[in-house]
1. At least 2 residues that are modelled with pLDDT under 70 and among the aliphatic types (A, V, I, L, M) in each: list the helices (runs of 4 or more DSSP H) lying fully within segment 886-1001 that qualify.
2. Can you list residue pairs whose Cβ atoms sit under 6 Å apart, with the first residue in segment 514-532 being within 11 Å of Ala611 (Cβ to Cβ) and in the same structural domain as Lys546 (by TED's automatic domain parsing) and the second being in a helix (DSSP H, G or I) and charged (D, E, K, R)? Count only pairs 6 or more apart in sequence or on different chains.
3. Is it true that some residue in segment 183-205 is in contact with a helix residue (DSSP H, G or I) (Cβ under 9 Å, 6 or more places away or on another chain), without any contact (Cβ under 8 Å) to a residue 40 or more places away in the chain, buried (at least 17 other Cβ atoms within 10 Å of the Cβ) and under 30 Å from Ala148 (Cβ atoms)?
4. In this structure, does Ile715 turn out to be surrounded by fewer than 20 Cβ atoms within 10 Å (Cβ to Cβ), modelled with pLDDT of 85 or more and either within 22 Å of Leu602 (Cα to Cα) or within 33 Å of the chain's Cα centre (by Cα) (or both)?
5. So which residues in segment 279-290 are loosely packed, with under 15 Cβ neighbours inside 10 Å and not small (Gly, Ala, Ser), if there are any at all?
6. Out of Glu382, Glu437, Glu427, report the one residue that is at pLDDT below 85 and among the acidic types (Asp, Glu).
7. When you go through Ala97, Ala88, Ala23, Ala76 one by one, which is the residue that is hydrophobic (A, V, I, L, M, F, W, C), modelled with pLDDT of 65 or more and under 24 Å from Arg195 (Cα atoms)?
8. Hey, among Ala684, Ala706, Ala665, which residue is outside the structural domain of Ala739 (by TED's automatic domain parsing), under 32 Å from the mean Cα position of the chain (by Cα) and in contact (Cβ under 8 Å) with a residue 60 or more places away in the chain?
Amino acid sequence: MRNTSWRILLAMLLSCISLGLAAAGDSTSEDHVAGVNASLLNSELANVQAKEGVSAEQLKAISSIYDEAKDWLSQADRYKSSTRQFIASRTSAPLKAKDIRESLRRILDKKLPRASQYKNKSLEELEQLLETEKATQAAKEARVAELAHLVSLEANRPDAARKQLEASNKQLDELRDSLSTQALPVDSLALAQYRRDQARMLALKNQVAMLEQEMLSHPARLTLSKAQLEQAEAEAALAGRQVSVLEDLVNQRRKKEVEQVSKVEAEKEQDITEKYPALKGIAAENARLGKELKETTQALEKASKRDNDLRNQAQRMEAEYRSTQRKVEIAGLREALGQVLLEHRKNLPDPRKYKKQEARLRKHVTETGLRQIRYRELLRRENALEPDPEILLKDVPEAQRSELLPPLKQLLERKRQLLEKLVATDEAYLRALSEQEVMLRRVQDILGAYDGFLAEHLLWVRNTTVIGLDDLKKIPGELQTLLNINAWYEVGRNFVAQLPNAYLFHLMLALVLAAFWLRRHVRSALIRASEAVGKPAGGNFSATLKALFYSMLLPVAPVLLMLLLAWQLKQGTVVSPYADALAEAIYWASKPVYSLLLLRALACRRGVLEAHFRWRLASIQRLRKAINFLLATFIPASMLTIILVNVESSGLAGILLKFSFMAAALSQSFFVYLVFHAKKGVIASYLKQHPDSFLRKSRWLWFSLAVVIPVLLVILSLMGYVYTSATLLNQVINTLWLAAGLVVLQQLAEHWLLLSRRRIAYQAAVERYKAMAENKPDEHAPEGEKEVEFKEPKVDLVTLSKASRKLLNAAILIAAVVGLWLIWSESLPALVVLDTIPLWQHTAMVNGVETRVPVTLGNLLLVVAIAVTTLVASRNLPALLEIVLLQYFNLSSGSRYAMRTLTGYLIAATGMVLVFQAVGGSWSQIQWLVAALGVGIGFGLQEIVANFISGLIILFERPIRVGDFVTVGDSDGTVTRIQIRATTILTRDRKELLVPNKEFITGRLLNWSLSDQTTRLKLAVGIPYGADVELAEKLMLEAAAEHQLVLDEPRPFVYFQSFGDSALLLELRCVIDSVDYRIATLSELHHAINRKFREAGMEIPFPQQDVHLDVRGALEVKLQPE
């Protein structure tokens, strides 16, 4: 104690000396911050408040600046206080660490109490003591986790402190240069700003001093933190050993008591059965309760052991995790560390195992809880309602009841005691299960964090050396190892030797051979399912589903044979490395082989692609060729790669392994070429049919990437990144399979829609035919029109309705996004490394402090992802929203279009904001841009902005909507699109007229269908002088009444308009329900009136004009050449 006191006194003395030196250093610094304190700021602010002529706005601005200066002074005081602590820690931390290590030795030498010390304690007291020790252990383990996190942060602190020191020095220099050129201002606002800069400079100076002392004291503080962590770990380990001792003691005591109780109950049951047969039932029930108590006690003991095992696993995994983190921090992503990280990840337990354990654990918790409730209810009945012996012994003669009452009461009391023990044991069991569940979740959390850490670094570390010419000398040795005749002969000999006794293998082989025999029947069923697809009346979707099911059955037999062989290779007491490698290769190949054979079954003659999806025969043949190529090259190369990984001692560093991987990757690249080539590939016909599609326009980009990526992965593997290239190639292959699956789903959905449309069209045609057959033929009709021959309707099997296609494309897009996320989620943690590559820096406020924050390569990649997501979402989500609105809400097309357009604007605006934030933008940085835009809008961009605002007004106020028939100026047509700047109108001549949005708001607009689709028609007709006007009016009204589109209300009418130059002018006025039929109805009414006038013998005069020539003189005639 005396030595410790002297050390502390010495540390305080050194701290005072250091603070004095620091103060002396400050006194020799610049005088820019001399005299700046809170009192001075308050005094100057009070003077401003007392000054006359200062407006409220000015006073508010000045007060805000002074408040900011006070904040900087407070920050400077905090920095100064931290500086003192860091200076003091340089001397006190080593002394504290030394004391901690001395106490650590005492902890390690501390002996645990023996079991004999607890012999006088009851089981209940031991259980309470155990719970107390468990709580202590949990607190100490939490302390260990906290200190481990602090040590990890402290170890990484120097780099961050160094960067922060550099940024602070830069800001301090800039502020010093600014203040050195200024004199003390006289103006109140300028003075406030000057004081704020002084206070900020003081804070920066103190921050620089603090960071310097923090870096100087870092080794001592880190040593102290590690010592504290070691002490906490030792205390936690000691508490764990104490808990183990108590658990063993409690389990032994509980087991002993339960065994004694169970034995006593069994003996009493036997004794009472012999002496008192009438009490046999109650004794048997007590014996059953004793047996259940024994079983529950055994389960409790197992749960305690399992909890300890999980705790040990968690501690071991956590220690390995921290050790790996330190290795990465020290060694970086070096080649030597790559193989270590790979081995660590390979040895990690499967997380699915813990999920299954958690599910079983929850089931046990539920069952135990229900059982405890049942025991509590029985115990409550026993305590509340005392059993009546007379009722229990009602079947016993009166003479024997008195003899049975004493043993009966003993049995009932024993039952009550057993129920109490069962309830208490179940409570202990539930607590043990709860603790086990907590520990299981802890193991899962550590496993997830550890696996994420390894996944984050493994893709960026080299696993082997770069291949060179000297490595080619290793090929003969590796070939000799691979083609070891004795080893492979041993594999074959062991396989054959196991066959006589492999009864299960023979049974499974018989089933596989039966599956091969059934393949031809499956093939025949597949052809039959394709025969009725092309018939309009008989085509149904169930035939397509059957064909798809039969196609999925065709590859089953070969794959089952592969799995059976692989399973048999792993049987036996001793499995050689070669047999295990071959089995692993066959197991891995079974999945891609099944997928390729399934794809080939879909592309077979009269298969799903040809008969159901109507693919072109040339495309199907190219697909079969590509599949056969992949089966012949990729599968053997991949299997050879897996065999080499398992049999070669060099692991991923083998040269033959890299060559086999190269063959697999290049075969994948050539397969992509065969499938996706724009002229020679499988999709060539599709690209030719859709010349304006995005897929065709961007084919040079995605086709080049798809072909080049496997080649780049080959180069990456030759450079030593074997694990990285293998992982990425596997994910690329899975992405291709995802694309193939989505294509099949899309074709299946389109086929269903086409069959539905065909069936509806066929039924409508049948109904029309029946209606035509019921009507009598027109006697006046020509001879060729009396007999109507029914023909099946011609339905376009390629085009679909726009709504159905939009919904289908949206569903496929969502499925693609989800699939890509599931495939590439394993590699996404590796992108965190990109956040360590800075591109540029920007200034931002972090915790109230202005800091230089870097914009990294990860931020740039995030910007690209946000931009792509925004583009895809703005193109597809509004259309999907329109379909949902059409499906569930009764909205007009214009309303749906307005909501779709506004949704697109909202998505685009959100994407722009996110992109701006990702690159470190802030409002202060774009204020000048907003001001410039304001000036530009005021001068050159006012028309564009006016049109944009007018477009928004149109969407909200809706004076026009998509689908409305409007007249603007001398042009009329249907509104088809309302865009940012202009609205598109489709005229009757099928010409698209672009009208600026401003004209719809500021000009005159005629909307024929704004609130009512009905429109009035006016037909002017002339009849000759002397004709029957009333008959003409009657005929015109009959023509209007007979037309099906003319409304009865308001009623059509004809009025005598005027006496024309050549005719009597009549005008028919009628109303139809839609402007869409205006032209057609006018034409049909004109035809009807003309026919009726002709049948009534009434002529429609043509204009006549009398020309009078003056012949009193000679007529002058001149001929002039053209």
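The values are calculated or read from the model by the stated rules, or taken from the named source; none is laboratory data. Worth saying up front: this structure is predicted, and the values here are computed from it rather than measured. Methodologically, a virtual Cβ is constructed for each residue, glycine included, from the backbone with ideal geometry; neighbour enumeration extends over all protein chains shown.
1. Qualifying helices (runs of 4 or more DSSP H): 923-939, 942-957.
2. Short answer, once both residue conditions are applied: Ala529/Lys546.
3. Scanning segment 183-205 turns up no residue that is in contact with a helix residue (DSSP H, G or I) (Cβ under 9 Å, 6 or more places away or on another chain), without any contact (Cβ under 8 Å) to a residue 40 or more places away in the chain, buried (at least 17 other Cβ atoms within 10 Å of the Cβ) and under 30 Å from Ala148 (Cβ atoms).
4. When the stated conditions are applied, Ile715 passes them.
5. Residues satisfying the conditions are Lys280, Arg288.
6. None of the other options fit; the residue is Glu382.
7. Values: Ala97 fails: under 24 Å from Arg195 (Cα atoms); Ala88 fails: under 24 Å from Arg195 (Cα atoms); Ala23 fails: modelled with pLDDT of 65 or more.
Only one candidate passes the filter, namely Ala76.
8. When all the criteria are applied, what remains is Ala665.
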